[in-house]
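Let me begin by presenting the structure, written as structure tokens, before commenting on it.
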Amino acid sequence: MNFRSLYLWFGLPILVIVAWVFLIYVPMDSGAKNKEGKLTAIKNERQTLERDVKDFAGEVTTQRKLKASYDEFMGQAPVVERIPEYMKNVMNMAKSKGITIESLNGYYSSLDISQKAELVNPVFEIGLRGGFLEMGRFLEDLSNRTAFKVSRQRASTTMKRNILS
């Protein structure tokens, strides 16, 4: 038997298969795995960027809400210059309801003499004399009333000044 022809018939296809595996399949497979790794890295980076953009958008929304709350607060915040006018209105309202104000003690818990603060937190202790129902109506009207209002321009100017300092 001639083994050369047998080697040729079986060896040549095996040699072609091995050559195809090493010359074509292995480089294509490693290139595909390399591209798959790059694609995974790009997907992870994309997810990170999307999460960062979502966080940033949430932060912008939160800042807008805080700014709106701050503007509203500044629009209704008690200002030292307006307290005497407010107290005069409280006295007139009490007279119109038929109530006598016996004592009025006011102290400002957030007013620091060493620090010039525009905003204060007024706390008043009021001694009232009059009918029970009249006092109830007076206190209800007093609690429903906004103590102070500042114009929008003053609030935004104060806010800008506070942000800059």
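Give the total of Lys-Lys pairs in the range 32-102 with Cα-Cα distances below 22 Å; include a pair only if its members are 8 or more places apart or on different chains.
6
Just to be sure I follow: if Rg is taken over the C-alpha atoms of the range 1-74 and Rh is the Kirkwood radius over the same atoms, what is Rg/Rh?
1.71
Every number in this text was worked out from the coordinates using simple rules, so none of it is lab data. Being a predicted model, the structure only gives us computed values, none of them experimental.
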